[in-house]
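None of the figures in this text is laboratory data; all of them are computed from the coordinates on show. Everything quoted here is computed from the prediction, not taken from an experiment. FYI the Cβ positions are ideal-geometry reconstructions off the backbone, even for glycines, and counts take in every protein chain you see.
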Amino acid sequence: MKPTNFKHLFSSYDGNENLFDEIFDKKQNVRKVYQKLFDIYNDQSIEDFINLNNKAKTSFFNQGITFQVYNDEKAQEKIFPFDLFPRIIDGEEWATIEKGVIQRCKALNAFIWDIYHDKNIIKAGLVPMELISSSANYLRQMDNLDPVGGIYNHISGTDLIKHSDGKYYVLEDNIRCPSGVSYVIYNRNALKRSLFGVFNHYDIHTVTDYSENLLEIMESVKPKGVDVPTCVVITPGVFNSAYFEHSYLAKTMGIELVEGRDLVVENDFLYMKTISGLKKVDVVYRRIDDGFLDPLEFKKDSAIGVPGLFSAYKNGNVTLVNAPGTGVADDKAIYTYMPEIIKFYLGEKPILNNVHTYHCSRPTDLKFVLENIHNLVVKPVDEAGGYGISIGNRLTKAEIADVKKVILQNPRKYIAQPIMSLSVHATYIEDCQSFEQRHVDLRTFTLLGQDKEFVLKGGLTRVALKKGNLIVNSSQGGGSKDTWVLKK
Amino acid sequence: MFNYTIKYTTENTYENPVFESYWQFMVTPETNSSQDLISSSYSVSDDNSIEKSINGYNFETTRIHTKKPFNNLTFEAIFKLNKSEISPIEPNPEFTVEDDYKAIEVLDFKVDFEAFLNATELTALPKVAVKLFEFETSKHILDNVKQLNTWVYDLITFKAGETTEDMLLETVLEKKEGVSSDFVHLFCAIARVNKVPARYVSGYLHQGDGFFGDSEMYAWAEVYIPNLGWIGFDPGNNILADHNHIKVAHGRDYKDCPPLKQIMYAYGEQESKFAVEVNYEQ
């Protein structure tokens, strides 16, 4: 018998039907994959759930799974808010995502190879040269350099959203040093500890095999002539916001976690200093940005890099994962060319949607943009950090007229995209002590090696914890959820 | 044929001991169609070992990593090199003036020479100066570049000493004086805004015949002239590069080819001296 004042977890759930809800369909019925889970959770009282939630939080804190927000004056360690209600992705749906992200990562890899070799895509007139020359992440030192196996982006983080049409769209490709994978694994662990019973009802893929696959990928790109490679993870140090992840990955791969000062280059070979002398290092998973890798080649004042590392890399004596210079391909401007890039190198149609981009430099696009500003986001192509962006449905008539004027003055400078809406997922909100709809995205992790590819079956579902907010970054107060991929 | 001996030396003293340091010299002449490096020898104080490597732009570097404390470090490099006479350059008679300008408008050309067509921090012209020197399309590109060489030479007065190599063009144009790198940065900047690829060259100048130059390393430029190839120009002396110019490396500007990069943790007073000697027998 339940007490009469029993309050279900979902009793005050307010579904906005204009948003795509991952759990409820348009008629507010629970979607099939969530039914069992929904029944279990809805059977709990709020009080029990609050208890459980507090325990999970304490567990994260005690394990030191925290991050720092840099611009915070006190630079406090915070735990990444974790939600005990998992997100479920059906096996069929996942199969498409997996194919789609692999296709994208391979196309990006081919693009980077081309940019640092013959530049055929530019010569074919498909991507403007200015986009590459003006990119701060274009490293001319990488010209005509052939990384082992031809792989540049060994590790990619692809950010996806589900729009109100129920389809996945790629928002961003992260192929420099994408982070977040350790949270995926710890979210799973935390959920297993708190609610192990729920796992009995679903057949889901593991996420704890990430590290072994990462190590295999690293070993697959070992330098020529090396039999059993020595791999390391290099970190900027304990003050880096992702230090927890660096140490987690090194530990679970069973390899050394090093800083720049632990390494030395001699005669173009890389060594790590150990108590028994120098030990040659063959593959480095570097969590240091390009500019800081080697003060003799890049930023002179980098104290976290290794002098001479780039020459060792260039000579093929050590492999860097990811390769330097990948950032040229993950910028906002290149993103808009992804459908062309996929077609050019793979001869395929994109499996995952790109948010459609209208280039105001093209007359037909310009006409469409001018007629549909109220439904579009207009962005300048060359500004970062959200400057100069106009969101059509929030503008007054007078403002729309102003935006039109500005575009017409210099059409080349503007692109426009449809206004995207992120799907929502029931999320426990501490302040209200109930479940509410919150916007979510999904970061997937893809590994490319020599004759090997791997997509982590799961991912980081990030949640915008402020009501109505679309920004899911942890630095902006975002949280996360365990993400279940069901076996087919 | 000219047989050169080049000696590069540097002596550095520090008030307090330096515990660890890295030195990367880029002073070794390259071997190319007009010069042939016969031998090179290097020496450094305190039994420090010398390593050779290739930098990100494929030029030879010489490295020292000191691991014991020192107050004084000397480094010496001696090169023997053969240099051939460079014949006078005239426009390729098989191509018309129009062919020149057509060639630089081709997309493949713009892509292949991209690195030497865009402004860098040190070759960025202030807005007011962009139209300082415009090429006359009625003349061959070669003739325009020769005029540019003279124009830069006339505009800037050579003044060694006080300045550094990483002066912005805004300052150079205001002062109208500078060292060889300033001449070259201005020269390259103007060639590039006129859509002609130009690169910074670092090397040695044999100071015969009353040329400007100094006892340190020298800079000149190379311009890619369609249907001719890369041609050396020395705006600091208003001549084309000849057998007196011994090339070490090239880049987009000075920052791509400084003769020395140092990483060290030193405090207190310090003094560095550099000297270059270039001698030849014909």
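General remarks:
- Percent of Cα pairs exceeding the 18 Å cut-off, where the set is the range A:288-333: 29 percent
- DSSP beta bridges confined to the range B:97-242 are antiparallel in about 85 percent of cases.
- Using all pairs of distinct alpha-carbon atoms, the Kirkwood hydrodynamic radius of the range A:338-488 works out to 18.5 angstrom.
- Among A:Asp146, A:Asp268, B:Asp112, A:Asp482, the order by Cβ neighbours within 10 angstrom, fewest to most, reads A:Asp146, B:Asp112, A:Asp268, A:Asp482.
- Karplus (6.51, -1.76, 1.60) ³J(HN,Hα), θ = phi - 60°, over the range B:177-184, in Hz, Gly and Pro reported as x: 8, x, 9, 4, 5, 5, 4, 5
- The range B:177-281, relative contact order in percent, only Cα pairs under 8 angstrom and at least six apart counted: 29 percent
- When restricted to Cα atoms, the range B:184-275 yields an Rg and a Dmax of 15.4, 55 Å, respectively.
- Inter-label distance, nm, simple model (7 Å from Cα along the C-beta direction), B:Phe2/B:Lys127: 4.5 nm
- Radius of gyration and Dmax over the Cα atoms of the protein assembly as shown, both given in Å: 30.6, 110
- Residue-by-residue Karplus 3J(HN,Hα) for the range B:65-82, coefficients 6.51, -1.76, 1.60, Hz, glycine and proline x: 10, 7, 10, 10, x, 8, 10, 9, 9, 10, 9, 9, 10, 10, 10, 10, 8, 9
- Our helix-only sum for chain B, with -39,500 (n - 2.57) per DSSP H run of n ≥ 4 divided by its residues, gives a mean residue ellipticity at 222 nm of -5000 deg cm²/dmol.
- Both numbers refer to the Cα atoms of the range B:97-242; Rg and Dmax are 14.7, 44 Å.
- Beta bridges per DSSP with both ends in the range A:224-317, % antiparallel, nearest 5: 55 percent
- Under 12 Å, Cβ to Cβ, from A:Val226 - net charge with Lys/Arg +1 and Asp/Glu -1: 0
- Between the range B:108-134 and the range B:249-264, the Cα center-to-center distance that results, in Å: 20 Å
- Beta-bridge orientation, the protein assembly as shown: approximately 85 percent antiparallel, per DSSP, counting only bridges with both partners inside.
- In chain B, Cα pairs under 8 Å separated by at least six residues give a relative contact order of 29 percent.
- Working note: Cα atoms of the range A:224-317, range along each principal axis, descending, whole Å: 33, 32, 24.
- Cα gyration tensor shape of the range A:149-306, rounded if a/c is under 1.5, else prolate or oblate by comparing a/b with b/c: prolate
- Evaluated at q = 0.11, 0.13, 0.14, 0.15 Å⁻¹: base-10 log I(q)/I(0), Debye formula over Cα of chain B: -0.67, -0.91, -1.04, -1.16
- Phi to ³J(HN,Hα) by Karplus 6.51 cos²θ - 1.76 cosθ + 1.60 over the range B:230-246, Hz, x for Gly, Pro: 6, 10, x, 10, 10, x, x, 10, 6, 9, 7, 4, 9, 5, 7, 9, 10
- Reciprocal mean inverse distance between Cα atoms of the range A:77-203 - Kirkwood radius, Å: 18.1 Å
- Legend: ranking of residues A:Met420, A:Met142 from fewest to most surrounding C-beta atoms inside 10 Å; resulting order A:Met420, A:Met142.
- The range B:10-72-the range A:5-47 distance, computed between alpha-carbon centres (Å): 70 Å
- Residues whose amide H falls under 5 Å from that of A:Trp484, counting only those 5 or more places apart or on a different chain, are A:Arg87, A:Ile88, A:Ile89, with hydrogens built in the peptide plane.
- Cα-Cα separations in the range A:6-47 greater than 14 Å, expressed as whole percent: 50 percent
- Low-density loop cleavage sites - trypsin sites (Lys or Arg not before Pro) in the range A:105-209, where at most 15 other Cβ are within 10 Å (DSSP): A:Lys167
- A cut-off of 5 Å between modelled amide H atoms, ignoring neighbours fewer than 5 places along the same chain, links A:Ser423 with A:Lys162, A:Val440.
- Normalising the average separation of contacting C-alpha pairs (under 8 angstrom, six or more residues apart) by the number of residues puts the relative contact order of chain A at 24 percent.
- Mean ellipticity per residue at 222 nm, deg cm²/dmol - from DSSP H runs of n ≥ 4 across chain A, formula -39500 (n - 2.57): -8500 deg cm²/dmol
- Ordered by the number of other Cβ atoms lying within 10 Å of each residue's own Cβ, fewest first, A:Asp83, B:Asp108, B:Asp256 fall into the sequence B:Asp108, B:Asp256, A:Asp83.
- Cα principal axis extents for the range B:31-141, largest first, Å: 62, 38, 26
- Spread of Cα-to-Cα distances over 5 Å intervals beginning at zero, given as percent, for the range A:356-418: 4, 21, 35, 27, 12, 1
- Close amide H pairs (under 5 Å, H built 1.01 Å from N) link A:Phe82 with A:Ser480, residues at least 5 positions away or on another chain.
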